[in-house]
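Participant: Okay, here's the structure, questions in a sec.
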Amino acid sequence: MKSGQIAWVAAGLAAASALAAPPALTQEIKLTFADQNSPTGWGPSRALTPWVKQVEDATKGRVKIQVYPSQSLVKGVDMWKAASAGTIDIGWCVQSYWPDLTPLSDVVSLPGLPFKSAEKSSEVLWKLYEKFPAIQKEYTAVQPLALYTATPFFILTTKKQIKSLEDVQGMKIRIVGPPSTAHFKAIGGVPTPMPMPDVYQALDRGVLDGASAPWEALHAFRLYEVSKFITIAPLATVYFSICANRAKMQSLPADVRDQIMSVGGLAGSKFWGKNFFDSAQQGVEAALKEAKKELVRYDLPAAEVQRWNKLAEPVHEDWVKRNEAKGHKEAREILNTMLSMLKE
């Protein structure tokens with residue numbers, strides 16, 4: 001056989017061998033997800049767990065996420081730092097734990113905003129992130145996979161029902177975030193910053209007179225066991241980020257990053273807002289029925305709501321002025337854009 005023929009046969013045999021060989025196995029990518037909440041809580045069971053499955057389905061099983069709940073890997077107050085440093089791959093972050101870390105994003109936590117639902121306000125928050133580079137810059141230490149808000153907070157109290165501004169005077173109320181602090185000072189209460197996992201004992205021991213909270217936290221942390229009254233008032237809310245370590249995300253194949261973001265971004269933000277918060281009231285009602293407990297609810301009448309909202313207006317203006325003084329000339333545009341988006 002001539003040398004050319006030998007080369008041709010060898011090449012053919014090599015090709016046949018390659019075709020016959022089994023395809024290389026795709027390496028599984030494992031990511032850690034640290035959470036402060038109990039896995040049985042309303043939000044984690046209806047948002048976190050199904051979202052993890054969405055990620056794994058979107059990546060066709062290439063990505064597997066290991067969730068570490070109940071602060072078992074990282075405490076809630078340390079979550080941002082851990083995600084930034086790479087101690088964890090993904091973290092559930094309560095942005096109001098860190099005052100002035102994301103001050104422009106704080107616009108969604110101003111009191112008295114016309115929120116229709118957590119799904120809608122979460123949509124608005126992500127769109128603000130996409131629209132304003134100054135907001136994007138606030139998250140350069142991490143890679144946000146979703147941004148979402150809670151439903152507006154109400155006030156839980158242990159000894160007396162709040163029915164007016166006068167009732168709040170001197171009461172120690174758990175709050176989080178600078179806008180809530182400013183609003184409660186204007187109302188006449190004593191704002192007391194505290195992470196949600198610590199609120200149960202503080203209410204039970206009388207360290208707090210009450211707490212601002214959403215329905216989901218009332219369910220997840222069983223705050224109905226140590227509270228007697230609920231007052232629905234035009235309070236601020238809080239917002240969250242599902243943040244990944246930026247270097248870790250960049251190390252993933254481009255198609256995997258795209259697959260993860262196909263269930264993150266705008267769609268993911270709306271999903272988290274809707275499933276974590278919007279449906280949580282029914283969970284509280286079921287828990288109260290099972291525990292044979294009652295929380296006395298009071299909705300502030302329209303005239304009283306106007307009084308509370310009047311005190312919220314200076315908080316909005318102060319937010320604009322403080323951020324403009326720090327060089328964020330787009331602060332008023334961000335506020336006006338948000339208000340416009342909320343009406344859509």
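Participant: Pairs under 6 Å by beta carbon, first residue touching a residue at least 12 places away in the same chain (Cβ under 8 Å) and under 16 Å from Trp319 (Cα atoms) in region 92-107, partner aliphatic (A, V, I, L, M) and surrounded by 24 or more Cβ atoms within 10 Å (Cβ to Cβ), six or more apart or different chains?
Facilitator: From region 92-107, the pairs are Ser96/Val176; Ser96/Val238.
Participant: If you take just the helices (runs of 4 or more DSSP H) that sit entirely in region 237-276, which of them hold at least 3 residues that are assigned by TED's automatic domain parsing to the domain that holds Val63 and under 10 Å from Tyr148 (Cβ atoms)? Give the steps one after another, and end with the answer.
Facilitator: Details: elements: 246-251, 254-262, 265-273.
Ranges flagged: 265-273.
Participant: Consider only pairs whose beta carbons are under 6 Å apart and that are at least six residues apart or on different chains; among these, list those whose first residue lies in region 203-226 and is farther than 20 Å from Gln161 by Cβ and whose second residue is buried (at least 23 other Cβ atoms within 10 Å of the Cβ) and among the polar types (S, T, N, Q).
Facilitator: Ala220/Asn37
The rows are residues; the columns are (1) touching a Phe, Trp or Tyr at 6+ places or on another chain (Cβ under 6 Å); (2) outside the structural domain of Leu335 (by TED's automatic domain parsing); (3) on the phi > 0 side of the Ramachandran plot.
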{"position": "Leu113", "(1), (2), (3)": "no, yes, no"}
{"position": "Tyr129", "(1), (2), (3)": "no, yes, no"}
{"position": "Ile135", "(1), (2), (3)": "yes, yes, no"}
{"position": "Glu138", "(1), (2), (3)": "no, yes, no"}
{"position": "Gln143", "(1), (2), (3)": "no, yes, no"}
{"position": "Ala146", "(1), (2), (3)": "yes, yes, no"}
{"position": "Lys159", "(1), (2), (3)": "no, no, no"}
{"position": "Ile162", "(1), (2), (3)": "no, no, no"}
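Participant: Can you tell me which residue among Gly177, Gly170, Gly76, Gly112 is of a type outside the set (A, V, I, L, M) and under 25 Å from Ser45 (Cα atoms)?
Facilitator: Numbers: Gly177 fails: under 25 Å from Ser45 (Cα atoms); Gly170 fails: under 25 Å from Ser45 (Cα atoms); Gly112 fails: under 25 Å from Ser45 (Cα atoms).
Exactly one of Gly177, Gly170, Gly76, Gly112 is of a type outside the set (A, V, I, L, M) and under 25 Å from Ser45 (Cα atoms), namely Gly76.
Participant: Among the residues of region 175-217, write down those that are outside any loop (DSSP other than H, G, I, E, B), closer than 24 Å to Pro39 by Cα and among the hydrophobic types (A, V, I, L, M, F, W, C). Steps first, please.
Facilitator: Initial filter on region 175-217 (outside any loop (DSSP other than H, G, I, E, B)): 175, 178-187, 190-193, 196-204, 210-213, 215-217.
In the following step, the residues that additionally are closer than 24 Å to Pro39 by Cα were identified as 175, 196-204, 211-213, 215-217.
Once the filter is applied, which keeps residues that are outside any loop (DSSP other than H, G, I, E, B), closer than 24 Å to Pro39 by Cα and among the hydrophobic types (A, V, I, L, M, F, W, C), region 175-217 yields Ile175, Met196, Val199, Ala202, Leu203, Ala211, Ala213, Trp215, Ala217.
Participant: (1) outside any strand (DSSP E or B); (2) surrounded by fewer than 22 Cβ atoms within 10 Å (Cβ to Cβ); (3) assigned by TED's automatic domain parsing to the domain that holds Ser180: which one isn't true of Tyr298, the others all being true?
Facilitator: Only one criterion is unmet by Tyr298, namely (1).
Okay, residues lined up against (1) of a type in the set (Asp, Glu); (2) buried (at least 19 other Cβ atoms within 10 Å of the Cβ):
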position: Phe277; (1), (2): no, yes
position: Ala280; (1), (2): no, yes
position: Glu330; (1), (2): yes, no
position: Thr337; (1), (2): no, no
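The values are calculated or read from the model by the stated rules, or taken from the named source; none is laboratory data. Computed from a prediction, not measured in an experiment: that's the story for all the values here. In this analysis, Cβ positions are derived from the backbone assuming ideal geometry, glycine residues included, and neighbour counts consider all displayed protein chains.
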